[in-house]
Amino acid sequence: MDLRQPKGFVSYYTKARDYDGVFDFVPRAARPKVGRPPFGIGIHRNFDIGAGQGRLHVINDNAGRLFHLSPEAWARGAMVDVGAANAAEEKHAASVGRRPGAPMIAASPVVTCALAAISETDMMLLGVRDYGPGRAADPRAPAGRSALYSLAFMMRRAAAVYLDIQDYELKAGIRSQEDPALGSVVGQIFLCDTLENGAGYATHLGEPAISEQLLQMIVQNSHWLFHDRLVDQAHAGACDTSCPDCLRSYSNLAYHNLLDWRLAIDMANLALDASSAISLSSPLWARVAGVAAATLEAARPGFTRTTFGGLPGLTNGREAIIVTHPLWLTDRAGAGPEIAAAWDDAERARGLRVDPAWSFISVFEALRRPA
């Protein structure tokens with residue numbers, strides 16, 4: 001992908017409209033990305049950790065469509081996305097009640113690229129080393145991205161409390177990389193200073209002992225009252241995925257549908273200890289797992305709720321649907337003990353059909369795409 005950092009921008013000032021008092025709240029088009037870190041990565045507890053100065057790329061790829069820029073004579077040396085200019089002309093014409101003018105034709109050569117703002121700043125990287133048997137957070141899958149982004153933004157919020165700063169003073173995101181040893185893609189989270197050249201926040205947070213303290217703030221009660229507020233009934237009983245009281249803010253609007261505070265807690269637990277229990281019967285997940293099963297039942301006429309090997313599920317007498325944790329693997333070769341027990345209960349004990357392609361639905365999917 002061709003990536004370019006413009007020297008500047010100019011608005012389409014000849015097509016200006018009076019402000020009508022309407023403002024569209026939309027997610028930012030650009031998302032922060034980091035490449036290969038120039039600093040060393042160490043191991044602490046069950047997580048990889050490293051911090052230092054690095055290059056941050058805030059990339060706008062036009063929702064995957066890229067930009068198509070051409071040199072237009074009337075633009076006085078500026079490169080113009082003719083498609084965007086034509087759309088602006090149509091919008092302006094509609095606002096003043098006239099027909100749009102003839103559409104512009106792009107001049108050659110057309111440069112197809114993504115736009116970027118590139119800066120040097122302080123950053124830290126953190127990745128879970130071992131998820132334990134039957135568990136994973138694949139950044140290529142929606143549930144895996146949810147787990148990683150949830151941990152990233154929960155770490156950012158914990159860091160803001162720890163440092164007594166605003167959370168927008170730190171940027172958060174995920175980084176994917178191939179692991180030759182595992183033959184798969186693994187995900188890491190990063191925090192970096194919003195301020196160019198850095199303010200020292202992220203490098204401090206990247207010290208192993210400080211990172212561990214942030215993870216401890218997320219998973220257990222402390223004088224910071226961070227975990228305490230998350231699991232308090234006033235929040236836990238009302239928030240099924242995420243809300244402004246736990247993970248959501250205007251600065252992460254683009255990720256709201258992915259964020260889940262329970263997943264963030266489980267990821268933090270795994271970063272501290274690979275043997276941490278991840279269970280839908282735990283107080284953390286029991287209520288929302290029941291909500292997920294009820295949501296699936298309402299979306300599937302003819303199915304009734306039941307349990308398979310202790311996991312919530314549904315059946316129509318012929319087929320089984322089993323509710324799973326978003327971090328659990330559901331293929332027969334990689335399944336953990338919870339999935340294996342539910343699979344055997346449904347297939348061997350009750351004679352129901354179990355198809356890995358559709359029989360396993362995670363709480364993440366059930367609450368967002370029940371049909």
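What follows draws every value from the coordinates through simple rules; no lab data is involved. None of the values given here were measured: they were computed from a predicted structure. Here Cβ is always computed from backbone atoms with ideal geometry, including for glycine, and neighbour counts include all displayed protein chains.
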Margin query: Report for segment 286-368 the percent antiparallel among DSSP-assigned beta bridges with both residues inside it, nearest 5.
Written below: 65
Item checked: Antiparallel bridges, percent of DSSP beta bridges restricted to the chain (to nearest 5) -> 90
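Can you give the Rg to Rh ratio for the chain, taking only C-alpha atoms and Rh from Kirkwood?
A ratio of 1.04.
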Margin query: Please list, ordered by chain and number, the residues whose modelled amide H lies under 5 Å from the amide H of GLY198; skip anything fewer than 5 residues away on the same chain.
Written below: ASP122
Check: Once amide H atoms are built 1.01 Å from N in the peptide plane, which residues 5 or more positions from SER282, or in another chain, come under 5 Å H to H?
Finding: none
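Give me ILE59, ILE43 sorted ascending by neighbouring Cβ count inside 10 Å, so fewest comes first.
ILE43, ILE59
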Check: In nm, what is the difference between 0.36 nm times the number of residues separating ALA277 and GLU196 and their Cα-Cα distance?
Finding: 25.2 nm
Item checked: Charge sum, other residues only, whose C-beta stays under 11 Å from PHE153's C-beta, Lys/Arg counted +1 and Asp/Glu -1 -> +2
Notebook entry, point to check: ³J(HN,Hα) across segment 143-148 via Karplus (A = 6.51, B = -1.76, C = 1.60, θ = phi - 60°), whole Hz, x for Gly/Pro?
Noted result: 5, x, 5, 4, 4, 5
Notebook entry, point to check: Could you give the length gained on full extension between ALA141 and GLU212, defined as 0.36 nm per residue of separation minus the Cα-Cα distance, in nm?
Noted result: 22.9 nm
Notebook entry, point to check: Binning every alpha carbon pair distance of segment 164-288 at 5 Å from zero, what are the percents per bin?
Noted result: 2, 9, 15, 21, 22, 17, 9, 4, 1, 0
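Got a sec? How would TYR162, TYR201 order by Cβ neighbour count within 10 Å, fewest to most? Before the final figure, lay out the partial values.
Numbers: TYR162 18, TYR201 24.
Fewest-to-most Cβ neighbours within 10 Å comes out as TYR162, TYR201.
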Check: What ranking do CYS192, CYS243 get, fewest neighbouring Cβ atoms within 10 angstrom at the top?
Finding: CYS243, CYS192
Next item on the list: Classify segment 286-368 as rounded, prolate or oblate from the Cα gyration tensor: take a ≥ b ≥ c as the square roots of its eigenvalues, call it rounded if a/c is under 1.5, otherwise prolate when a/b beats b/c and oblate if not.
Entry: oblate
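Using R₀ = 51 Å, calculate the FRET efficiency as 1/(1 + (r/R₀)^6) where r is the Cβ-Cβ separation of ALA341 and ARG99; round to 0.05.
Working: r = 67 Å, r/R0 = 1.32.
The value I calculate is 0.15.
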